[in-house]
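First the structure, in the form of structure tokens, and then the observations on it.
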Amino acid sequence: MKLKDLTFKGGVNVPHHKELTEKLPLERAMEPEIVAIPLHQHTGAPCEPLVKVGDTVKVGQKIGESQAFVSAPVHSSISGTVKSITPMAIPTGLTVNCVVIESDGKNEIHESVKPKGSLEELSSKEIIGIIKEAGITGMGGAGFPTHVKLSPPSDKKIDTIIINGAECEPYLTADHRLMVEEPKKIVFGLKAIMKAVGAEKGIIGIESNKPNAIEALMDASKNEKNITIISLRPKYPQGDEKRLINVTLGRIVPSGGLPMDVGAVVSNISTTKAIAEAIIEGKPLYERAVTITGSGIKEPKNLIVKIGTSFKDVIEQCGGFNEGAPGKIIMGGPMMGLSQYTIEVPVIKGSGGILVLTEEEAKPIPMGPCIRCGRCVDVCPVNLQPLYLSNYSLRGKFDKTEKFHVLDCVECGSCSYVCPAKRPLAESIRVAKREIIAKRKKAK
Ligand code: SF4
Ligand code: SF4
């Protein structure tokens, strides 16, 4: 292990609020009576249903697939009967086709769920095939299909895989618990990714405020000479993949570039564990670790939740809301999470947390004029000038924001967090990014 805590330029020290759940072991959530499994919960093409109303399905059975390369199949998380295939709201804000399945209470596992062989025997192509068939996507939020990430063009040589154990978002502790409770699977998953892309080196970067996770992974990797555990100084957004690459390898991903441009691939903890399970048990991605937390929740927990379970059911298992109406419900953490207008949405592959804030905590603070203090510029980890980008975006001058590299913004929210005038910096910058991306798509 590298003993010195490493960090990057910019960023913010945010209150962690992890004490609510960091010591609570993962528990299995109650079996849902009904699930709504979205056919589009990833970046890329939506899936077409492989089942129809009235069909019976089993746990792990593939129920949706697309022929497009950038897509990921979806699987049933329970056994039961397909009741409907219908458009429903999902936590990303989209309305997509969902396969609604009523449980038969048997939890029968599909025949396709069986071990896929030893890592030594599997070829790189076979590992990528298993990951694709298991429907594994980035579980840290973006939902990019993992088999695509692990298939770089032949001219991009990957030498290092970095596992993101920072979990720098306040409140969230699901990855922390996985590192403590499933370290062997994480090391196995890392070795599988290394073999899949032919990388010689593996790194697991963990913020130093998780000493038990560092200890567990050091122990699990003690016989792996190509794997290093690196302790990182706690700072937000330490888990951003470009910051991690810079901190752990000293490499800088160029503007508009990808980690593969500097020989690296970054994978999230939950994703890495899902890869291990896909190989060892043949288990597709149909459940995940979720932190349910915040002052608005009666009994915060870390739960293993079946994909498609409603937020409402999960919140009820945590004792429901505390006194009074919740002020804000967020999928993910407070910095990069997505606000929800309803709890009638299903847990998806990217749902690492459900955060409930009280009305008092969520009260909007009135916005004032920019006082040109420069704090937003100081904290931006990408060296952008948020005040100008936001100003252009609010005036609809999206072309100008493009010239100032708005697409390099990682949407970390650090600028909004420090702004004394409470300007909607990250929010307006996000709008500019969406507008530019939509314009580029239209031009194609
Ligand atoms: S401009 Fe983007 S990357 Fe920079 S601090 Fe704001 S949200 Fe983060
Ligand atoms: S932090 Fe807020 S007030 Fe200060 S320069 Fe940036 S936008 Fe203006």
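Shape verdict for the stretch 176-283, please, from the Cα gyration tensor: rounded (a/c under 1.5), prolate (a/b greater than b/c) or oblate. All intermediate terms of the calculation are to be shown ahead of the outcome.
On the way: a/c = 1.73, a/b = 1.22, b/c = 1.42.
Oblate.
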Taking a crude spin-label model, label points 7 Å out from Cα along the C-beta direction, the Glu281 to Ala68 distance in nm is 3.0
For the chain, cysteines with no other Cys Cβ under 4.7 Å from their own Cβ are listed as Cys47, Cys98, Cys168, Cys318, Cys370, Cys373, Cys380, Cys409, Cys412, Cys419
Could you list Thr137, Thr358 in order of exposure, starting from the residue whose Cβ has the fewest other Cβ atoms within 10 Å? Thr358, Thr137
Tell me which residues come under 5 Å, amide H to amide H, from Thr228 once H is placed; ignore anything under 5 positions away on its chain. Gly202, Ile203, Ile204
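What does the highest-first list of 385-391, 158-164 look like by mean Cβ count within 10 Å?
Numbers: 385-391: 21.1, 158-164: 24.4.
Order by mean packing, descending: 158-164, 385-391.
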Taking the C-alpha atoms of the stretch 231-362, convex hull volume expressed per residue in Å³: 149
Ranked list, fewest to most other Cβ atoms within 10 Å of each Cβ, for Val356, Val180: Val180, Val356
Label-reachable residues, the stretch 195-239, where backbone N falls under 14 Å from a point 7 Å from Ile304's Cα toward its Cβ: none
Which percentage, to the nearest 5, of the DSSP beta bridges contained in the chain is antiparallel? 60
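Taking 0.36 nm per intervening residue step and subtracting the Cα-Cα distance, what contour gain separates Glu361 from Thr43 on full extension? Display every interim value, and only then the final one.
Numbers: separation 318, 0.36 × 318 = 114.48 nm, distance 3.19 nm.
This chain segment gains 111.3 nm when fully extended.
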Indicate the gyration tensor shape class of the chain (rounded, prolate or oblate), computed on the Cα atoms with a ≥ b ≥ c the square roots of the eigenvalues: a/c under 1.5 is rounded; otherwise a/b larger than b/c is prolate and the rest oblate. rounded
What shape does the stretch 47-114 have by the C-alpha gyration tensor, where a ≥ b ≥ c are the square roots of the eigenvalues, rounded means a/c under 1.5, and otherwise prolate means a/b greater than b/c and oblate the rest? oblate
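Determine, for each peptide in 310-321, 258-269, the mean count of other beta carbons within 10 angstrom over its residues, then list the peptides with the highest first. Working shown, then result.
Details: 310-321: 17.5, 258-269: 22.2.
Ranked by mean Cβ neighbours within 10 Å, highest first: 258-269, 310-321.
Each reported figure results from applying straightforward, stated rules to the coordinates on display, with no laboratory input. Quick caveat, the model's predicted, so the values are computed rather than measured. As a convention, Cβ positions derive from the backbone with ideal geometry for all residues, glycine included, and neighbour counts pool all protein chains shown.
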